[in-house]
C-alpha cells in the first residue's frame, strides 16, 4: 500500500487534471516527559514522529475551500470568509483552523484565500499520537501557503489550539499543536508551556523510540470522545488550588521525579 505522501498528489491529479501546487505536511507526536502538564503551564518534552497528515492542494483566488478526505471518503466545502459549523467529524478541524486564522491578526487585514485539496494521513486515529493536531497544522500550513502568511510555529500552534478548544470543543493544551508546528527530525522539543519558549534536544543516534499501540474499544463512544475534556478539567483544578495555596503564578512540576528525569535526559543529550 502506498503512503499518504504518494497518494494525495496522485488523487489530486486524477480529480483536477493538474499537479498540486503545494504539498502541506504536519506530523503526529509522542511525548517523552510531562503528560497533562501542558494545560497547567508546565514543561513537556515531546517529539514528532514519522507519521503525518498530508494535503495536496492548489490555491484559489476566492475564499472557497474544497477538500476530499481519502481516509474517510468524504468531501468538505465551505467559505473561509464566513465559516459556519458543519455536521461534525474531521471537517470541523479544518473549519476551525480557518475560523481561528480568519479571526486573528496574523493576516494583517489581508483576505484568507481558499484552496482545492486532497488530504490523507497515517497517524493512527484515537491512539494518543495527535492525529487531530496534525490535521490542524497541515491545514494551517495550507492556508499559510495560499494566503502568504509567515510561519511562526508558536503563533500557528496557538491558533490551532484555539480551533480545537473553541470550535471543536476539546480542552487540549498547547503541546500537540506546538510540536506538530515546530518539530525537527532527530530531536525532541523541550517546551515551556507558559512562555512557549522551546529548545530542540538532539536524540542520541543510538536511541530508538518505539510506540506500542494498545487499542481499547469504548462501550460508550461519547464517553470516549469526552475523555480529554474530563482529564483536563480534573487536572487543571488541583493545579489551580496549588497555585492559590502556594501563592505562585504556575505549578510546573507536580509529579515526583519528573523534573529530575527531564534534567537527566537533557544532560545525556547534550554534547
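Here residue 117 passes the criteria (1) part of a helix (DSSP H, G or I); (2) over 23 Å from residue 193 (Cα atoms) except the one numbered (1).
Here is a yes/no grid of residues against (1) modelled with pLDDT under 95; (2) farther than 22 Å from residue 32 by Cα; (3) surrounded by fewer than 21 Cβ atoms within 10 Å (Cβ to Cβ):
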{"site": "101", "(1), (2), (3)": "no, yes, no"}
{"site": "110", "(1), (2), (3)": "yes, yes, yes"}
{"site": "121", "(1), (2), (3)": "no, yes, no"}
{"site": "134", "(1), (2), (3)": "no, no, no"}
{"site": "140", "(1), (2), (3)": "no, yes, no"}
{"site": "171", "(1), (2), (3)": "yes, no, yes"}
{"site": "177", "(1), (2), (3)": "no, no, no"}
{"site": "180", "(1), (2), (3)": "no, no, no"}
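If you go through segment 19-64 and pick out every residue that is more than 25 Å from residue 190 (Cα to Cα), out of contact with any strand residue (DSSP E or B) (no Cβ under 7 Å at 6 or more places or on another chain) and without any contact (Cβ under 8 Å) to a residue 40 or more places away in the chain, you end up with 1.
The C-beta contact set for segment 194-210 (first residue within 25 Å of residue 39 (Cβ to Cβ), second residue exposed (fewer than 10 other Cβ atoms within 10 Å of the Cβ) and at pLDDT below 90, distance under 9 angstrom, 6+ apart or interchain) comprises 194/249; 201/270.
Whether a residue is crowded, with 22+ Cβ neighbours inside 10 Å, modelled with pLDDT of 95 or more and either within 30 Å of residue 43 (Cβ to Cβ) or under 11 Å from the mean Cα position of the chain (by Cα) (or both) was assessed, and residue 155 does not pass this test. When residue 71 is tested against (1) farther than 27 Å from residue 208 by Cβ; (2) out of contact with any helix residue (DSSP H, G or I) (no Cβ under 8 Å at 6 or more places or on another chain); (3) buried (at least 19 other Cβ atoms within 10 Å of the Cβ), only condition (3) is not met. Scanning segment 74-91 for residues that are touching a residue at least 60 places away in the same chain (Cβ under 8 Å) and surrounded by fewer than 22 Cβ atoms within 10 Å (Cβ to Cβ) yields one hit, 85.
Identify, from the list 97, 44, the residue that is buried (at least 22 other Cβ atoms within 10 Å of the Cβ) and either more than 18 Å from the chain's Cα centre (by Cα) or closer than 26 Å to residue 12 by Cβ (or both).
None of the other options fit; the residue is 97.
The values are calculated or read from the model by the stated rules, or taken from the named source; none is laboratory data. Only a predicted model underlies this, so the values are computations on that prediction, with no experimental measurement involved. Cβ sites come from the backbone with ideal geometry, for glycine too, and all protein chains shown count toward neighbours.
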